[in-house]
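The values are calculated or read from the model by the stated rules, or taken from the named source; none is laboratory data. Computed from a predicted model, the values in this text were never measured in an experiment. A quick note on method: Cβ atoms are made from the backbone with ideal geometry, for glycine too, and the neighbour counts reach across all protein chains shown. In case anyone asks, the SASA skips ligands and DNA or RNA and just uses the protein heavy atoms, side chains included. Shrake-Rupley method; radii C 1.70, N 1.55, O 1.52, S 1.80 Å.
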Amino acid sequence: MGSKIVAITNIVIEPYWHLHIKSLFDSSFIDVLSTVVYYEEAFKSSIDFEDADLVVVFLNFESLYPDVAINVISQRITYNDVLKDCINKCKRLYSFIKKCTTAKIIWIGFEDYFFRNDIICGTTPPFDGIVDNINSTLFGMIDNNAFVDLKHLIAKIGISTAYNIRGRHRWNAPYSKELFFCMAKEIHKQYFIHFGISKKCLVLDCDNVLWGGVLSEDGI
């Protein structure tokens, strides 16, 4: 069975994206063609969505709004400006994808651990929890599709393990191989759930497994 996964992103996700997607799906005997479309080009690339089985949206907040902290502090913009603009961008992209394809959409939420707000202010939500507010809106927006909580995935492996600082500054590739593997496993799970091929029944030999003896002969 062949499938096509299209990833829309605004950061560099290779080589880890293709590496982990292929390894997980190949182990499930599913041949997957993985295509990466960058956010700036997404609205010009509708043909890439035509035969897609799955569309994964993975946008990075820091890349969408570089120097956002400096701009807010210097009062060039406000938190509310960023909140509204980000939600409008996401809504526009989501509507565009739905016009191009009927494929399932997996939207990977934003995260704000990169702010390192704890160094200055302690463990308070950075920027009045703007990322959490955006994620909450996106979760309500994507109706029957899947929203993946990236902050939860980062929490699983730890902040220090999730980031690639060198990659972030050199190639706009902020995340580690370990985090991409964690994301790929979640995408693999959502794919199986959507297409109804996840395991739903476990059959055991109950006698001398769930209980001692042979129930029909020995009685309860």
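The charge dipole of the chain, taken about its Cα centre with unit charges on the Cβ of Lys, Arg, Asp and Glu (plus for the first two, minus for the last two), comes to roughly 680 debye.
Ignoring everything but the protein chains, give the 1.4 Å probe accessible area of Lys98 in square angstrom, nearest 10. Using a 1.4 Å probe on the heavy atoms, I get roughly 100 Å². Stretching the chain fully between Val203 and Ser63 yields a gain of 45.6 nm (0.36 nm per residue, less the alpha carbon separation). Look at the Cα gyration tensor of the stretch 5-45: its axes a ≥ b ≥ c give a/c of at least 1.5 with a/b at or below b/c, and that counts as oblate. The DSSP beta bridges internal to the chain are antiparallel in roughly 5% of cases.
Counting protein heavy atoms only, the chain has 55 percent of its accessible area on carbon and sulfur, 1.4 angstrom probe. Summed over the residues of the chain and divided among them, the accessible surface reaches 56 Å² per residue at a probe radius of 1.4 Å. Just so you know, the averaged projected area of the alpha carbon convex hull for the chain sits at 17.0 nm². Backbone N atoms of the stretch 190-219 closer than 20 Å to the 7 Å Cα→Cβ label point of Ala155 belong to residues 190. Taking only the alpha carbons of the stretch 1-76, we obtain Rg and Dmax values of 16.0, 54 Å in that order.
Projecting the Cα positions of Val37, Asn80, Ala155 onto the charge dipole of the chain (unit charges on Cβ atoms of Lys, Arg, Asp and Glu, taken about the Cα centre) puts Asn80 furthest along the positive direction. Residue ranges 64-75, 170-181 sort as 170-181, 64-75 when ordered by packing (mean number of other C-beta atoms within 10 Å per residue, highest first). The distance linking the stretch 161-184 with the stretch 199-216 is 45 Å (Cα centroid to Cα centroid, whole angstrom). Its Cα gyration tensor gives the stretch 137-216 an equivalent ellipsoid, and the semi-axes of that ellipsoid, as √(5λ) in whole Å with the largest first, are 40, 19, 11.
Less than 5 angstrom separates the built amide H of Asn164 from those of Tyr175, Ser176, all sequence-distant by 5 or more or on a different chain.
Give Lys44/Lys151; Lys4/Lys98; Lys104/Lys199; Lys156/Lys200; Lys98/Lys200; Lys104/Lys156 a once-over and call out the pairs whose C-alpha atoms are over 22 Å from each other.
Where the Cα-Cα span goes over 22 Å, the pairs concerned are Lys44/Lys151; Lys156/Lys200; Lys98/Lys200; Lys104/Lys156.
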